[in-house]
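The values are calculated or read from the model by the stated rules, or taken from the named source; none is laboratory data. For clarity, every value in this text was computed on a predicted model and none was experimentally measured. Note: ideal-geometry Cβ built from the backbone for every residue, glycine included; neighbour counts use all protein chains shown. Protein only, heavy atoms only, side chains kept; ligands, DNA and RNA dropped before computing areas. Shrake-Rupley method; radii C 1.70, N 1.55, O 1.52, S 1.80 Å.
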Amino acid sequence: MLELLWIEDVSHENTSYKVLFPITTPPMARPLQVHTVPEQAVFVLELGTFNLDVELLNITFPTMVLTVAECNARGFNVQEQRSPDNTLKTFRMEVPFSDPVVFKEQNILQSKQGFLLGPVQVVPSCFLCLINTTLFVLVVPPSVTGNCDQENFHITVDYRNQEPFFVVLVGKRLLNHEFAQQYLTEGDTDFTITLPFSSPDLALLSLPCIHAYNIGLMNSPIGSQLDVALLNPYNNMTIKYFSLACSFLKTLTECFSNGTMTALAVKVESAPGLNPGQLTLSDPACGPTYSDDRFAYFHFTVNSCGTTRKFINNVMLYENEISLPDELEVKLNATTSSEEEYQLKVSCYFVANITRTLAFLTRPRDNEPFAETGTGRLMVRMRLAQDASYNTFHQEEDYPVVRYLRQPLHFEVELTTSSDPKVALVLDHCWATLNEDRDSRPRWNLIINGCENPEDPYRVVFHPVEVDARVHFPSHVKRFEVYMFSFAEDAVEQSGQVFVHCDVVICDASSPTGSPCSGQCVNQDNLKRGRSCLSSDMYQSTLL
């Protein structure tokens, strides 16, 4: 029907004229036919049939309206198909699962198809037909599995043949790009997160053996729990939750032959309000050497800090206890409504009476030590490398160099003016002080008589030197690694300056005459010992 309407300006009378035209409408379209092709990860939509004068103009999605050309540009592959007798047509479209127009909650595709019906018979008429369609396809949710080895948690997320449509919450932290670069390994249809047991994203658990005696150098288990959740990014609803708890054997207490002890106290999940820095030994005046929000590290002698001694047969047993002072314990329980007390007993034993046998063999010296005559000076320099490759070094204007506690420092000591392959440089003593005076106190020994300081829980690591474009005589160069530290006397003032000094010995490499020219200590186990205790970044420290 076509209606024309006139309105008189003066009389405001209406005159209307109606004309009826016969038209032919398209046949009723079949319901939208939908199926999926899992191996190609696409939806396939078929709509029709229509007369040949029907043209598909656009498709409306909840987030956008796309023309046919724009759909094809996105890879939807919109096609027009004719019937065998060439009298009817249907429309076919493929939508990948990974396209943003697909809601990933359940892989829901919502769309409206807009059609234009062209002229039929001899009368030009246009109609717009909207067909509303909502498509639901259930998707198998991703799976999460995990296991532990001696050091790490390994969590694997398998998302099958779909694109990952979720965000990952590891502990209380979202898996972002920086996190993924450090801990994530990707596969074809899965990825694996590998986290060390000491990661702050894990919760430490209270195990019965945490409070047991640690005799000598025996290891104790530390319980850790890792929680992983897969979340819908649109509404933060949990798609999958996974929790894994494991125990790791770690050295919590170490005993040294010079009568010193070290102990590591960990904050457990059952005491969420605990501040490890407030823990003390039996003597409340003996606090941790360093601490952070998860650990407290104690270093003390067996005749101090309230340590008790008793004899059991031929063994001297030294015992101490790590806990909160009474007033803080009461305050903690009042705050957390918990009656559980934090107590960690540590102990060391020493054999009171023992005889050891030492065998040795002497032989006459082959030749007397000698020195070649000559002129000139031997120049030695010590430099701090920027990393473990020892390719680039800090320049004079870079000092003081800022490093965090427990961050590795890579030193190189080099004999610079000699080209004699018979000459060897040996590190005799290296130590650190709080100021530039090499004889000042306090002083901490790093290398003693060419070897690591046995009292240092983070011992020096010696690195081998090979011939390369810069080093022509490896015997002229010594390299060692030290973990950044701060003096206990400096912890209050926090000035954070540390000066490192070294004494070296020039030896005849072809005929060593004994210590220190007998060679540099290289203990392959010191790297493992240095990392067996957990460190904390309390504040920045400056190396001069």
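Return the residue satisfying two criteria in turn: it lies in the stretch 472-485 and is part of a loop (DSSP other than H, G, I, E, B) and under 35 Å from the mean Cα position of the chain (by Cα), and of such residues it is farthest from A388 (Cα to Cα). Spell out the reasoning first.
Residues of the stretch 472-485 part of a loop (DSSP other than H, G, I, E, B): 472-473, 484-485.
Subsequent filtering for residues that are under 35 Å from the mean Cα position of the chain (by Cα) retains 484-485.
On the way: M484: 14, F485: 18 Å.
Checking each candidate, the answer is F485.
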Here's a check for you: in the stretch 423-446, which residue that is out of contact with any Gly (no Cβ under 9 Å at 6 or more places or on another chain) and β-branched (V, I, T) is nearest to D503 (Cα to Cα)?
T433
Would you check which residues across the stretch 189-198 are of a type in the set (A, V, I, L, M, F, W, C) and outside any loop (DSSP other than H, G, I, E, B) and list them?
F191, I193, L195
Read through the list (1) among the β-branched types (V, I, T); (2) open to solvent by 40 Å² or more (accessible area, probe 1.4 Å); (3) over 29 Å from F166 (Cβ atoms), then give the number of the only condition that T63 fails.
(3)
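On the basis of being modelled with pLDDT of 80 or more and farther than 29 Å from N232 by Cα, does N58 make the cut? So that I can check it myself, show each step before the final result.
Numbers: modelled with pLDDT of 80 or more: yes; farther than 29 Å from N232 by Cα: yes.
Spelling it out, N58 is indeed modelled with pLDDT of 80 or more and farther than 29 Å from N232 by Cα.
For the structure I just gave you, tell me whether V471 is in contact with a Pro (Cβ under 7 Å, 6 or more places away or on another chain) and open to solvent by less than 20 Å² (accessible area, probe 1.4 Å).
On the way: in contact with a Pro (Cβ under 7 Å, 6 or more places away or on another chain): no; open to solvent by less than 20 Å² (accessible area, probe 1.4 Å): yes.
Taking the combined requirement at face value, the residue does not satisfy it.
A quick yes/no check of all residues on (1) open to solvent by less than 70 Å² (accessible area, probe 1.4 Å); (2) at pLDDT 85 or above:
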position	(1), (2)
G223	yes, no
L231	yes, yes
M237	no, no
L252	yes, no
A265	yes, no
S270	yes, no
L274	yes, no
G287	yes, yes
S291	yes, no
Y539 passes all but one of the listed conditions (1) aromatic (F, W, Y); (2) closer than 27 Å to Q150 by Cβ; (3) modelled with pLDDT under 50; the exception is number (2)
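Before we move on, is F473 within 29 Å of D437 (Cα to Cα) and at pLDDT 50 or above? First the steps, then the outcome.
Details: within 29 Å of D437 (Cα to Cα): no; at pLDDT 50 or above: yes.
It is false that F473 is within 29 Å of D437 (Cα to Cα) and at pLDDT 50 or above.
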List the residue pairs whose Cβ atoms are under 9 Å apart, where the first residue sits in the stretch 165-179 and is open to solvent by 90 Å² or more (accessible area, probe 1.4 Å) and of a type in the set (K, R), the second is at pLDDT 85 or above and in a strand (DSSP E or B), and the two are 6 or more positions apart or on different chains.
K172/D227
Within the stretch 390-403, is even one residue open to solvent by 80 Å² or more (accessible area, probe 1.4 Å), farther than 22 Å from D468 by Cα and part of a strand (DSSP E or B)?
no
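Identify, please: which residue in the stretch 74-93 is in contact (Cβ under 8 Å) with a residue 40 or more places away in the chain and open to solvent by 40 Å² or more (accessible area, probe 1.4 Å) and is, among those, nearest to T49 (Cα to Cα)? Before you say what the answer is, go through the steps one by one.
Within the stretch 74-93, the first condition is being in contact (Cβ under 8 Å) with a residue 40 or more places away in the chain, and the residues that meet it are 88-93.
Applying the additional criterion that residues be open to solvent by 40 Å² or more (accessible area, probe 1.4 Å) yields 88, 92.
On the way: L88: 6, R92: 11 Å.
If we take residues in the stretch 74-93 being in contact (Cβ under 8 Å) with a residue 40 or more places away in the chain and open to solvent by 40 Å² or more (accessible area, probe 1.4 Å), then L88 is nearest to T49 (Cα to Cα).
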Note on Q278: of the conditions (1) open to solvent by 60 Å² or more (accessible area, probe 1.4 Å); (2) in contact with a Pro (Cβ under 8 Å, 6 or more places away or on another chain); (3) at pLDDT below 85, unmet is (3)
Qualifying residues in the stretch 404-430 (those that are of a type outside the set (A, V, I, L, M) and within 27 Å of the chain's Cα centre (by Cα)) - the one most open to solvent (accessible area, probe 1.4 Å)
Y404
Any idea which residue in the stretch 486-509 is farthest from R406 (Cα to Cα), counting only those that are at pLDDT 75 or above and assigned to a loop (DSSP other than H, G, I, E, B)?
A509
What's the total number of residues in the stretch 425-469 that are in contact (Cβ under 8 Å) with a residue 40 or more places away in the chain and in a loop (DSSP other than H, G, I, E, B)?
14
Taking D437 as the residue in question, decide whether it is open to solvent by 10 Å² or more (accessible area, probe 1.4 Å) and at pLDDT 90 or above.
yes
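I'd like to check which strands (runs of 3 or more DSSP E) are fully inside the stretch 103-188 and have at least 1 residues that are out of contact with any Asp or Glu (no Cβ under 8 Å at 6 or more places or on another chain), at pLDDT 70 or above and within 21 Å of D201 (Cβ to Cβ).
On the way: elements: 108-117, 127-136, 143-148, 152-158, 167-170, 184-186.
Where strands (runs of 3 or more DSSP E) fall fully within the stretch 103-188 and carry at least 1 residues being out of contact with any Asp or Glu (no Cβ under 8 Å at 6 or more places or on another chain), at pLDDT 70 or above and within 21 Å of D201 (Cβ to Cβ), they are 143-148, 152-158, 167-170, 184-186.
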Those residues of the stretch 48-60 which are surrounded by 15 or more Cβ atoms within 10 Å (Cβ to Cβ) and acidic (D, E), in sequence order
E55
Among the residues of the stretch 294-342, count how many are touching a helix residue (DSSP H, G or I) at 6+ places or on another chain (Cβ under 7 Å) and either modelled with pLDDT under 75 or loosely packed, with under 13 Cβ neighbours inside 10 Å (or both).
3
